[in-house]
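Below is one structure; the comments refer to it alone.
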Amino acid sequence: MCGRSFFGVGTFILYTWSLENIPIALASILFNLSPFWTSILAFLLNDEKILAVEFFAMGICFVLIICMTTIGPKEAKESNESMVSGTIIMVVASIISACMNVMNRRL
């Protein structure tokens, strides 16, 4: 139970921290990668099966998310650094949220 609380608070802190660096639309897209990470973690930790079609679909989605985050309006170099750090923070928040979901399955 403490681990779940830790992951929940960590996710909230990272989410709000990344909003200082990236637009909320991008933050929402990146945070909603959580089911993607949940499937991978459940496969690795809980021995749940993932079909080949699901792997293919997840690969396409991941490539499209990378395209969406890298292709955008040309901005100043200073804001580009904050955009990269905000994107990394949001992906970490998404992975932590996925860890929380996998922990819920084990309860």
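Annotations for the structure displayed:
- Region 17-59, residues that are of a type in the set (S, T, N, Q) and closer than 19 Å to ASN80 by Cα: SER18, ASN21, SER28
- Boolean, ILE50 is modelled with pLDDT of 85 or more and in a loop (DSSP other than H, G, I, E, B): yes
- One residue stands out among those in region 20-45 that are in a loop (DSSP other than H, G, I, E, B) and either without any contact (Cβ under 8 Å) to a residue 12 or more places away in the chain or in contact with a helix residue (DSSP H, G or I) (Cβ under 6 Å, 6 or more places away or on another chain) (or both): the one that is surrounded by the fewest Cβ atoms within 10 Å (Cβ to Cβ), which is PRO23.
- Single match in ILE89, ILE95, ILE65 (criterion: of a type in the set (Val, Ile, Thr), out of contact with any helix residue (DSSP H, G or I) (no Cβ under 6 Å at 6 or more places or on another chain) and touching a residue at least 24 places away in the same chain (Cβ under 8 Å)): ILE65
- Here VAL92 fits the description: under 25 Å from GLY8 (Cβ atoms), at pLDDT 85 or above and not hydroxyl-bearing (Ser, Thr, Tyr).
- Some residue of region 3-18 being of a type in the set (D, E, K, R), without any contact (Cβ under 8 Å) to a residue 24 or more places away in the chain and under 16 Å from ARG106 (Cα atoms): no
The values are calculated or read from the model by the stated rules, or taken from the named source; none is laboratory data. Computed from a prediction, not measured in an experiment: that's the story for all the values here. Glycine gets a Cβ as well: all are built from the backbone with ideal geometry, and neighbour counts include every protein chain shown.
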